[in-house]
Amino acid sequence: EMPADLAEQIPWIRKLLEAMRVPVLEYPGFEADDVIGAIARKAAAAGAEVVIVSSDKDMLQLVGEHVSMFNPVKEDEWYDPPKVEEFLGVPPERVADLLALKGDAIDNIPGAPGIGDKGARELIARFGPVETLLDRAAEVERRAYRESLLNHREQIRLSKKLATIDTTVPIEWSLEAAEVREPDHAALQQIYHELEFFSLLRELGPMEQAPPADYASFTTSGELEAWLGEIPAGASVAVAVPAHREGDMAFAAGFGLAWRKGEARAVPAGLLEALQPFLEDPGRPKIVHDLKSALLEQWRLGVEPRGFSDDVMLYAFLLSADPAGCTAEALSERLLGRKLPAAPEARAECVLELAGQLRPRALERFRAVYETIDLPLAPVLARMEQNGIRIAPERLRELSGRMEVEIQRLTAEIHALAGKPFNINSPQQLGKVLFEDLGLPAPVRHGKGKTVSTAADVLEALAPDHTIVAKVLEYRQLAKLKGTYVDALPALIDARTGRLHTTFNQTGAATGRLSSSNPNLQNIPIRTGLGREIRAAFVPEEGWTMVVADYSQIELRLLAHLSRDPLLIEAFRNGEDIHTRTASEVFGVPPVMVTPELRRNAKAVNFGIVYGQTPFGLAAQLGIPRKDAENYIKSYFERYAGVKRYLEATIAEVRASGAARTLSGRERPIPEINSRNPAARGFAERTAVNTPLQGSAADLIKLAMIRLDALLRERGMRSRMLLQVHDELVLEAPPEEAAALARLAKETMEGVERLEVPLIADVGSGPNWRDAK
């Protein structure tokens, strides 16, 4: 049977061949080999010299006086009749007989049991074709061969039928029909775009040129106002917003505007005052790529933008959940077939064309997500980026000094254990010390000459038994925290505001979670002493208070809601400690007898279920035998049967639809869930389980941020939202608002959605991020 993933490609192959104007030669009821054989015979009979290009040895039966075969896998292999006999040990006309006897597992030809390649050649050399051999089977001296021939006559005849290429296919064919024709460039371009074959797209060369675009730059405010006045009421205008971030001067020339294809205008910086009323008019619908960044840039210019209702970046992300594919550059190349231009007017026209393609599809499927979450979140994030967060550089400098002393101590200890100094940061030198000099058990090498891995997972497996490895891991963590945060953050303080301004990426993670960059403030560890000390350097406005609100076990609560498991729901509704309850259920002890170790194991199982953890992964995490981990998971599913049913139903649904969905209706395509590769399929199944939980949690906190931001503004509060770290919000408040802000944050987060179990937000306040927890 044809593999499913190949069958899916056949329609695309047909489309491609049609666009390339390559003839497709086929006849219903016959295989491709038969069609090739029939054409080869017809062409040879017509006096043509035929070359069959194939690496399939079955085809060698077609080789004859005017037919040769070329093997494209081995470029020096050409087969004429003598070469076939030299290669297979039989002439071309006996190839089918050879296969009928020895069989061919690839083509499901059973052959004669017990007769191999050598035996088949000897029998054919003596008796000729299979039919004669079967008639004279009693003459075969070798008993095993003789019995095989006598006992499997019909199977052998069937095998020859299967192995014989039918050259009588009644296909109409002429040499003229195979003449090389010029491809349909427009059709090929469209297919290459759909399949994202960008290298092939470039190979097409210059395409038919579009009509010259009507591009120009305004020189006076009168020209600008007249042009804007000609735009029909309600027509959307694409706006390319100038960006003046360091290293990005792409829009230095000013704004770009476009409202119909083939026409666009540049607005120089000097005409901003004339453009401002349009940018601030809520009645003029406008389109951008990356609304959040566009708002920030306009605020920096003193503009209060309104009417920006279309964001092609957010549309693209809703449709694909692909962070890398949502940049303006990627969208322009993939959907428009051209590189994103630098000129602002050309960029604006690109944005207009992208909106035309993306808006209808995105709003048809995801209007509610776009209008209630993604679009209103953009200005909230822009305000958070504008607010920034204050850090205390002197605390980080003091911490840096202490860390440097620790790094030097660890370096000396590692060198002493190694018996010599070496560069601990060099994977090559570290690998040599550990696996050659000290003889530690080395991981399997992958690839010729490749350095033995010193990755974290490799070292973590060795650390419990080897002191030097444990110290290397400690050294690495210290060096990373020092370099990434302690030493780097003070240098990133904005001289104008005295604060740190991270960038929140709305399209940064396929689950829908926000990510943070320049700097990434979401990866500061919270469970280590050093991570907490770094958080202590994040402080509120002078004289203000830091307020931190954190969802409690939101993904487990969502698991209870989505699975409707009665035990989970009961535990959360009763306010029980869910890990103690799970330990009690899984390990069969009363809650009062649950030890800290049992609770820790139950916690690992709870969160492992959320992330689709395998017994192997759980065993590695807890340092227990794999069989014990299997029993933990088995016991969990026996007690929480509703969870098991939900997970199985989720995987089945994703396998059928190809995408996982969150509570809000956001989707994440997971095509690998039907992969024939077990590793890829297993990873996809874990992703299918986790995405509805992590993605729904992300959407809930986004909704809470939107509502909390609106309430702060409505009430005229000076309190500010500063950071979002997955399930946690970091805010600051003047002293008179701190208590009210804490109550407001808790009420908003807990009331954002009504679930089967209560949402709980833990809220604290203090003089810094760490102590507000």
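Computed quantities for the displayed model
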item	result
Label-point separation, Ala269 to Lys627 (7 Å along Cα→Cβ), nm	7.3 nm
Solvent-accessible area, 1.4 Å probe, carbon plus sulfur percent, for segment 529-613	52 percent
Compactness of segment 300-422 as Cα Rg over 2.2 N^0.38 Å, two decimals	1.76
Two-decimal Rg/Rh across segment 89-209, once Rg and the Kirkwood Rh are taken from alpha-carbon atoms	1.34
Angle between the chain longest axis and helix 117-127 axis [Cα atoms, degrees, rounded to 10]	20 degrees
Surface/4 estimate of mean projected area, convex hull on alpha-carbon atoms of the chain, nm²	46.7 nm²
Assigned charges on the beta-carbon of Lys, Arg, Asp, Glu; segment 271-415 dipole about Cα centre (debye)	160 debye
Share of carbon and sulfur in the accessible heavy-atom surface of segment 27-78 [1.4 Å probe, %]	53 percent
Convex hull per residue volume in Å³, alpha carbons only, for segment 271-359	97 Å³
Cα gyration tensor, segment 1-118 - rounded (a/c under 1.5), prolate or oblate	oblate
Given Lys471/Lys603; Lys74/Lys102; Lys432/Lys634, the pairs whose alpha carbons are separated by over 31 Å	Lys432/Lys634
Per residue value of the accessible surface for segment 1-107 (all protein chains in place, 1.4 Å probe), Å²	59 Å²
Segment 350-441 - Rg over Rh from alpha carbon coordinates, Kirkwood radius	1.38
Members of Lys420/Lys482; Lys42/Lys161; Lys57/Lys118 lying beyond 23 Å, as alpha-carbon distances in this model show	Lys420/Lys482
Overall form of segment 571-664 per C-alpha gyration tensor (a/c, 1.5; a/b vs b/c)	oblate
Distance from segment 102-163 to segment 724-773 (C-alpha centre basis), Å	80 Å
Sum of -39500 (n - 2.57) over DSSP H runs of 4+, divided by residues of the chain (222 nm, nearest 500)	-15000 deg cm²/dmol
The chain, relative contact order [Cα under 8 Å, separation at least 6], %	10 percent
Where labels lie 7 Å past Cα in the beta-carbon direction, separation of Ser217 and Glu436 in nm	6.0 nm
Shape call, segment 457-587: gyration tensor on alpha carbons, a/c limit 1.5	oblate
Per residue accessible area of segment 570-706, 1.4 Å probe, in Å²	47 Å²
Potential lengthening between Asp494 and Arg645 on full extension [0.36 nm per residue; Cα-Cα distance subtracted]	49.2 nm
Radius 9 Å from Cβ of Gly119, net charge of other residues (Lys, Arg +1; Asp, Glu -1)	+2
Whole-percent carbon and sulfur share, accessible surface of segment 244-370, 1.4 Å	52 percent
Using alpha-carbon coordinates, inclination of helix 641-657 to the longest axis of the chain, degrees	60 degrees
Net charge of Cβ neighbours under 11 Å - reference Thr507; Lys, Arg +1; Asp, Glu -1	-2
Restricting segment 455-519 to trypsin sites (Lys or Arg not before Pro) in coil, as DSSP defines it, with at most 11 other Cβ within 10 Å	Arg496
Å² per residue, accessible surface of segment 489-548 at 1.4 Å	39 Å²
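The values are calculated or read from the model by the stated rules, or taken from the named source; none is laboratory data. Bear in mind that the values here come from a model prediction, so they are computed numbers and not experimental data. Every residue, glycine among them, receives a Cβ derived from its backbone with ideal geometry; neighbour counts consider all protein chains shown. In case anyone asks, the SASA skips ligands and DNA or RNA and just uses the protein heavy atoms, side chains included. Shrake-Rupley method; radii C 1.70, N 1.55, O 1.52, S 1.80 Å.
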